[in-house]
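Below is one structure, written out as structure tokens, with a few remarks after it.
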Amino acid sequence: MDKLQIKPYLEVRKLGGTLRFGHVPPSGIEILDAPEFLTDLVGVLSAPTDRTSLVRYLTESAGIGADAAHELLDQLVDAHVVGAPIPATGRYARHLLYYDMIGMDPEAAQQVLARATVGIVGTGGIGSNVAMALAGAGIGHLVLTDGDEIELSNLTRQFLYAEDETGRIKVEVAAERLRRLNSTIQVTTVPDPASREMFDECLVGCDLVVLSADSPDELHEWIDEAAKRHGFGYLAAGYIESFGSVGPLVLPGTTACYECFRAEGELEQYLVEGEKPGPNLNMGMQAGSYGPLNLIVAAMAANEVLRCLLGAECRSAGTRLMLDSQSYRLHSEHFPRKADCHGCADLVGGPRWHAAVQRAELEDLYESDRAEVSFNAVVLDQLIERCSDARPGMMALDYGCGSGEQVVMLADRGASVVAFDQSQRMLDLLRARLPEGLADRVFISVGDSLPDYEAEFDLVLCNNVLDHVADLDSALIRFRRAVREDGRVVVSIPHPVKDGASWNRRNVNGRWQYEDLRLEQYFSEGPITKHREGPDGDVVMDVVTTHHRTVETYFAAFRRTGFQVCELYEPQPPGHAAVEHPEIWAKASKIPYFLVFVLRPEPTGGR
């Protein structure tokens, strides 16, 4: 880079001896014990400055050589606090700063948007606001479809329209206003009632479509059919009573299509296969549409459209996000693509949508770091091995075996192991990792529920699975049947005190400092949604739903289903983890992360 400049969106302050750039990771960093010349350098770099002048300034003011000056500038560039100047003026100047902030080439990103075509089906409360956001962002071509006229009751949430325009066709007024907002864009209007044929014609050439209309009932089906034929993606956006709904983002050949998830809808899930819901019987029904909620949903939808076009990860890809307008709690429902779906099984998405769906699933985390740098590996595995007491000839069941670390451990010590899991992907990973010499001792089983075993196992192992199980007693009863009278069941769970709590933390020099834990509503049991952090403390999976229960509830369930609790452990990380895995040590050395029970069957007649 010939010229360099401090990123304009970063506030830079001197705090004692610390020089802080920005506030939050990944943009924000701190330089401890910063020399005074760095403070002066920030002033110079506040405006675009050529590198030659910067090197000369450093050699003269800081007394360092040219090579050291170049190295210092390179370090600031690598830390993303200094870079090539970003245009400070022009229509999209502030958006360019944002694109740079999230790691994109800002001018290239704006060119992508200028070449894009986005369709908006329905220009009511959500669609009209999506259209404003996309026009402002510089989408080159908008295709608006809506056959309705403006009504006075629309104006609580449809800000493209005015009182004196009631009675006019929505898309015609919308096009006028959008062209006044951004004269560089093209707007095509389709003021016709929704139909299969109309969508098949007017949406040709779109990259993405926002589906924000809710009638007729066949609308979603028609859009899905057109998307498969013409290769565009589409995003549903609306509301269900007081909840805003964004997604799923459907990317043909990459995510689930409408046929993959339609049976999971609000109505269809109650019907037998092939049956369709009857008509709404409330002839006086009116949707309770609310302006602020429409704006929130529209903003989320527009953001997902822009991210998808720019090749960024999209939270809504294959997932419906539900926002509670009263508590602001965000819920999500993921729809997996069905391999046998007759609607999309033969479609291939290719690389076009690849980045949008690069979201971490639980299997991804196990595949990437379970064996070496996970909390399980550092804190828990050695204790599980000791509690299992594996020996040659033992019959063992690993319930929810995941990628199979404990299966390998048990088989390596001579046990015969049934490895059970609901995830075929996890079991495939186990097969790939299983040493050839142990394969004849491992029997792999997949299914939604554990088969009925009768006193076949010396050991039943259940490692961090029960918090994912809704019916706790049912699972434990199966364990009781499966284990022999002189056998044992080893259960580990995320510690209920930690589960659902959250750390107060701050980033210092690129490393998270964990200061204290915030725990609320420990006694409120039931499903909870949380995120999952990687070994470096970064969020690698943003939505994990499990069942929170108190220690007392687990203990009572064990006794109720025929077990004695013989041993109880709260494992701590070994001392060497403080150096080898400092982020894991910073948390697991302060509070218990796991709780381990060793259970034995209650003797017959002993209760």
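The values are calculated or read from the model by the stated rules, or taken from the named source; none is laboratory data. This structure is a prediction, so every number in the text was calculated from the model and none was measured. Positions of Cβ are backbone-derived with ideal geometry, glycine not excepted, and every protein chain shown enters the neighbour counts.
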Taking first residues from segment 275-290 that are on the phi < 0 side of the Ramachandran plot and second residues anywhere that are assigned to a loop (DSSP other than H, G, I, E, B) and exposed (fewer than 10 other Cβ atoms within 10 Å of the Cβ), the pairs with Cβ under 8 Å that are 6 or more apart or on different chains are Gly288/Glu241
The correct count of residues that are under 27 Å from Ala114 (Cβ atoms), of a type in the set (A, V, I, L, M, F, W, C) and more than 35 Å from the chain's Cα centre (by Cα) in segment 160-174 is 1
Could you tell me whether Arg352 is surrounded by 17 or more Cβ atoms within 10 Å (Cβ to Cβ), among the charged types (D, E, K, R) and closer than 29 Å to Leu113 by Cβ?
no
Qualifying residues in segment 412-438 (those that are more than 35 Å from the chain's Cα centre (by Cα) and assigned to a helix (DSSP H, G or I)) - the one surrounded by the fewest Cβ atoms within 10 Å (Cβ to Cβ)
Glu436
Test Val55 against the criterion of being in a helix (DSSP H, G or I) and in contact with a helix residue (DSSP H, G or I) (Cβ under 6 Å, 6 or more places away or on another chain), and give yes or no.
yes
Leading residue by the ranking (surrounded by the most Cβ atoms within 10 Å (Cβ to Cβ)) among those in segment 232-255 that are at pLDDT 90 or above and either of a type in the set (Gly, Ala, Ser) or not assigned by TED's automatic domain parsing to the domain that holds Cys314 (or both):
Ala237
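Residues checked against (1) free of Cβ contacts under 8 Å to residues at least 24 places away in the same chain; (2) of a type in the set (A, V, I, L, M, F, W, C); (3) closer than 15 Å to Ile139 by Cβ; (4) surrounded by fewer than 17 Cβ atoms within 10 Å (Cβ to Cβ):
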{"site": "Glu197", "(1), (2), (3), (4)": "yes, no, no, yes"}
{"site": "Asp214", "(1), (2), (3), (4)": "no, no, no, yes"}
{"site": "His220", "(1), (2), (3), (4)": "no, no, no, no"}
{"site": "Glu225", "(1), (2), (3), (4)": "no, no, no, no"}
{"site": "His230", "(1), (2), (3), (4)": "no, no, no, yes"}
{"site": "Cys257", "(1), (2), (3), (4)": "no, yes, no, no"}
{"site": "Phe261", "(1), (2), (3), (4)": "no, yes, no, no"}
Tell me, which residue of segment 14-38 that is surrounded by fewer than 13 Cβ atoms within 10 Å (Cβ to Cβ) and closer than 23 Å to Val55 by Cα is farthest from the chain's Cα centre (by Cα)?
Glu36
Subset of segment 397-435, residues touching a residue at least 60 places away in the same chain (Cβ under 8 Å) and of a type in the set (A, V, I, L, M), comes to Leu397, Met426, Leu429
Single residue of segment 325-335 satisfying the filter (out of contact with any Phe, Trp or Tyr (no Cβ under 6 Å at 6 or more places or on another chain) and surrounded by 12 or more Cβ atoms within 10 Å (Cβ to Cβ)) that is farthest from Tyr239 (Cα to Cα):
His334
Segment 387-410 - residue that is over 35 Å from the mean Cα position of the chain (by Cα) and closer than 29 Å to His576 by Cα and, of those, surrounded by the most Cβ atoms within 10 Å (Cβ to Cβ)
Ala390
For segment 86-99, state whether one or more residues are under 30 Å from Ala298 (Cα atoms), surrounded by fewer than 19 Cβ atoms within 10 Å (Cβ to Cβ), in contact (Cβ under 8 Å) with a residue 60 or more places away in the chain and within 29 Å of the chain's Cα centre (by Cα).
yes
Counted residues, segment 445-477 - those being more than 17 Å from Val551 (Cα to Cα), assigned to a loop (DSSP other than H, G, I, E, B) and either in contact (Cβ under 8 Å) with a residue 60 or more places away in the chain or of a type outside the set (Phe, Trp, Tyr) (or both)
9
